[in-house]
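A short worksheet on the structure shown next.
The values are calculated or read from the model by the stated rules, or taken from the named source; none is laboratory data. Only a predicted model underlies this, so the values are computations on that prediction, with no experimental measurement involved. Note: ideal-geometry Cβ built from the backbone for every residue, glycine included; neighbour counts use all protein chains shown. To get the accessible areas, we keep the full protein, side chains included, count just its heavy atoms, and leave off ligands, DNA and RNA. Shrake-Rupley method; radii C 1.70, N 1.55, O 1.52, S 1.80 Å.
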Amino acid sequence: MVRPADLPTPSLLLDLPVLCANLAAMNGRMAAAGVALRPHLKTAKCPEVAMLATEGQAGGITVSTVAEARGFAGHGFKDILYAVGAVPGKIEGLAPLVEKGAKITLITDNVPMAEAVSARAAELGVTFDMLVEIDVGGHRAGVLPDGADLLPVARAIHTGPGTRLAGVMAHAGQSYHCRGTFEIRSVAWAEREGLVHAAERLRDAGLPCPVVSGGSTPTAMLGEDFSGLTEMRPGVYMFMDVHQLMLGVCKAGDLALSVLASVIGHNRHSGHLLLDAGALALSKDVSATELKPEVAYGVVCDLSGRPLPNLFVTDMAQEHGLCAVHDDDIWGRLPVGAKVRIMPNHACMTAACFDAYHVLDKGEVVDKWKRFGGW
């Protein structure tokens, strides 16, 4: 029997029952809404997690890198949305997957790339489905739902020699900056309204639009109306994290991912203890501090996953995490050599620091699942 305390540090821990409960909750929510679930696997990067996430679903997945597309295609996934703006240089890595029978869907928000990607695909002898990316308020990328650019982009895809127009998609990234469920529901409404309006414009212009694809865990978890959407692409819902907890998207018991670390020093004159999990194990994401500044880089917990009172990773170097000590009992409770679990602010960024999950079930390590890396 292997327990978390027996593992080397830092290690990435994945609580299997919590993961499965999170997956079941989202599956049920999307099924009740009549919307297909196309889970985003940029955080998971793991075939075992993907198998669980797509159980009972149509089987489509979302990725953010060519390496992820190759990795999942190699494990039997054949319906893959590459949800980053396409450029011709990426096509060489994706074309072989199409040749082997996979359906790879691309996205774009501009005519030059639509034309260039379509031409390059034709040169390689393959055809890609393609979605027009819509800006529904996040302002990262996309054309506006009622903007003049929408129809020219869609027509460039539709008439291109190596692409098929499949519809529209959006990512409501602004939901991650909301304060409370009311704001998130407002963003979810804007996401749906923008996508449905864009889809109607394509159809009114005589262009095909079978896919109307939304995204983001907060809007998928808290949205109240998904009518007109054909699918949702949440990702971090599988694991949840401190940021999602602060947003009100989940509860503390829904956090499936943590980092195992060792106490490697007591620096009493400066009032902090040292951990062997620094920026290369936790990342430097401080997203949760928008809502709770004291969280800093993560919540420190005991080995069972219970938060230790008022103990956070408050500073870090490359391989060191520093925790400001406000309660003298901590020195005795966490002697040098003790192990703790850190709940990360942003599961996506933290998981990217590791090449495998140590899978937990009922407090025991039951498996080790490899993760994909690279681009």
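Of the conditions (1) open to solvent by less than 20 Å² (accessible area, probe 1.4 Å); (2) out of contact with any helix residue (DSSP H, G or I) (no Cβ under 8 Å at 6 or more places or on another chain), V242 clears all except one; give me its number.
Among (1) open to solvent by less than 20 Å² (accessible area, probe 1.4 Å); (2) out of contact with any helix residue (DSSP H, G or I) (no Cβ under 8 Å at 6 or more places or on another chain), V242 violates only (2).
Identify, from the list L247, L195, L165, L229, the residue that is under 30 Å from Y357 (Cα atoms) and in contact (Cβ under 8 Å) with a residue 40 or more places away in the chain.
L247
Residues of region 55-77 being open to solvent by 20 Å² or more (accessible area, probe 1.4 Å), touching a residue at least 12 places away in the same chain (Cβ under 8 Å) and of a type outside the set (K, R), which ones?
Answer for region 55-77, where residues must be open to solvent by 20 Å² or more (accessible area, probe 1.4 Å), touching a residue at least 12 places away in the same chain (Cβ under 8 Å) and of a type outside the set (K, R): E55, G56, Q57, A58, G59, S64, H75.
Answer with yes or no whether F312 is without any contact (Cβ under 8 Å) to a residue 24 or more places away in the chain, hydrophobic (A, V, I, L, M, F, W, C) and at negative phi.
Taking the combined requirement at face value, the residue satisfies it.
So, restricting to strands (runs of 3 or more DSSP E) that lie completely within region 124-237, which ones have at least 2 residues that are open to solvent by 20 Å² or more (accessible area, probe 1.4 Å) and touching a Lys or Arg at 6+ places or on another chain (Cβ under 7 Å)?
none
Restricting region 245-272 to residues that are β-branched (V, I, T) and farther than 30 Å from F182 by Cα, which is most open to solvent (accessible area, probe 1.4 Å)?
The extreme case among them is I264.
Between a residue in region 78-92 that is within 18 Å of H171 (Cβ to Cβ) and open to solvent by 60 Å² or more (accessible area, probe 1.4 Å) and any residue that is among the aromatic types (F, W, Y) and at pLDDT 95 or above, which pairs come within a Cβ distance under 7 Å, given they are 6 or more apart or on different chains?
Between residues of region 78-92 that are within 18 Å of H171 (Cβ to Cβ) and open to solvent by 60 Å² or more (accessible area, probe 1.4 Å) and residues that are among the aromatic types (F, W, Y) and at pLDDT 95 or above, there is no close pair.
Quick one: in region 166-218, of everything that is among the β-branched types (V, I, T) and in contact with a Pro (Cβ under 8 Å, 6 or more places away or on another chain), which residue is nearest to G60 (Cα to Cα)?
T217
Of the conditions (1) in contact (Cβ under 8 Å) with a residue 40 or more places away in the chain; (2) farther than 20 Å from D225 by Cα, V136 clears all except one; give me its number.
With respect to (1) in contact (Cβ under 8 Å) with a residue 40 or more places away in the chain; (2) farther than 20 Å from D225 by Cα, V136 is out only on (2).
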